[in-house]
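The values are calculated or read from the model by the stated rules, or taken from the named source; none is laboratory data. Source: prediction; values computed, not measured. Methodologically, a virtual Cβ is constructed for each residue, glycine included, from the backbone with ideal geometry; neighbour enumeration extends over all protein chains shown. We work out accessible area using only protein heavy atoms, side chains counted, and drop any ligands, DNA or RNA first. Shrake-Rupley method; radii C 1.70, N 1.55, O 1.52, S 1.80 Å.
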Amino acid sequence: MLFRSGMASRLGFPAKRTDRLALAVTEAASNLHKHARDGALLLRVSHDAGTPGIELVTIDTGPGMADVGAARRDGHSSAGTLGIGLGSIGRQADFCDIYSAVGRGTVLVARFWADPREAPVIRCAGLTRPIISEVECGDAYGAVSSGSVLTGALCDGLGHGPLAAAASSEALAAVFSAPAGEPAALLERAHQRIGKTRGGALAIAQVDGPVVRFAGLGNVAAWIVSPQARSGMASIPGIAGHQARRIRQFEYALPPKGIVIMHSDGLSSRWDVGALPGLAGRDPLIVAAALLVEAGRHRDDAGVLVLKP
């Protein structure tokens, strides 16, 4: 809890707002302890809404919930408790959403700011998780919005640990040092600049209205996902920084209510959008967390990035 208070203090949270955050974190941790299987909690600073805030994410691979609405009402409990946990988190947070599918676990996302506000619409979000036994993750992501154009990149550094993390960090720095170009040009620049690192797989997607421009090198999986289906986008075999054929860029149509998802091979590509009803329409961080629950592998670094126009 000392870490939590320090994070809130650095962002200028007043005492009452810090107390609200503390209560939400306590309730979320308690809920994981009572109900979760293979549960995890993440608390981090987010800059996605312009003004820095704090995001709380919990994931678990437990039994899931058939009726999330009922679970959020005070008095509902499946563990003989007072049943105020999920409802309390929603009251303390500026934004709170839960996604659950029976037999497929549960995801909770809550956001907090130093001053009360209406939660903004978030257009992109991602998550990374290191392989078991490592502290640093070799996967990294980033995104930037310029007008109606949203550009996102995900890099899977070769191997694991600090050297893989350094390769991914260098790749993203190369992409976002001047992100106004198209994906192929950004990928070429990163490829030229990270030759002294281990290198890695790198994918860049640019959402521009109904069009997605994409360039990838290596085995980062990239998908256009609608509420009913998904289709893959093509990457070129190789290792950014070391080995590449002629880098190519492809264009795809983004269907109504479609989103773009990129993930490393730390997530299986066999996930089925039909088994996760309604997920494509949810907050991007909910989508990223639910996919980590559904398809994440603990024997590899895992990273996922979601772009939502």
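The phi torsions of region 232-243, fed into the Karplus equation with coefficients 6.51, -1.76 and 1.60 and a -60° offset, translate into couplings of x, 10, 8, 9, 8, x, x, 10, 4, x, 9, 9 Hz, rounded to whole numbers, with Gly and Pro shown as x. Here the translational diffusion coefficient of region 144-241 follows from Stokes-Einstein with Rh set to the Kirkwood radius across Cα pairs; for 10 °C and 1.306 mPa s it amounts to 117 µm²/s. Rounded to the nearest 500, the helix-only mean residue ellipticity at 222 nm of the chain stands at -8000 deg cm²/dmol, with each DSSP H run of n ≥ 4 adding -39,500 (n - 2.57). Label sites at ALA114 and ASP38, each approximated as a point 7 angstrom past Cα along Cα to Cβ, lie 3.9 nm apart.
Farthest towards the positive end of the charge dipole of the chain, among the residues PHE176, LEU285, SER88, is the Cα of PHE176, using unit charges on the Cβ of Lys, Arg, Asp and Glu. Under the criterion of Cα pairs below 8 Å and six or more residues apart, the relative contact order for the chain equals 16 percent. Partner aspartates and glutamates whose Cα lies under 15 Å from the Cα of LYS16, excluding those fewer than 8 positions away in the same chain, are identified as ASP94, ASP115.
Protection proxy ranking for 222-233, 184-195, 37-48, using the average of other Cβ atoms within 10 Å per residue and placing the highest first: 184-195, 222-233, 37-48. Basic side chains Lys and Arg get +1 at the Cβ, acidic Asp and Glu get -1 at the Cβ, and with that the dipole of the chain about its Cα centre reaches some 120 debye. Sorting ASP300, ASP139, ASP115 by accessible area puts them as ASP115, ASP300, ASP139; the probe is 1.4 Å, largest comes first, and only protein heavy atoms count.
The HN-Hα couplings worked out from phi for region 130-139 by the Karplus form 6.51 cos²θ - 1.76 cosθ + 1.60 (θ = phi - 60°) are x, 4, 4, 5, 10, 9, 8, 9, x, 9 Hz, whole numbers, x standing for Gly and Pro.
The peptide list 155-164, 125-134, 285-294, put in order of mean Cβ contacts within 10 Å with the highest first, becomes 285-294, 155-164, 125-134.
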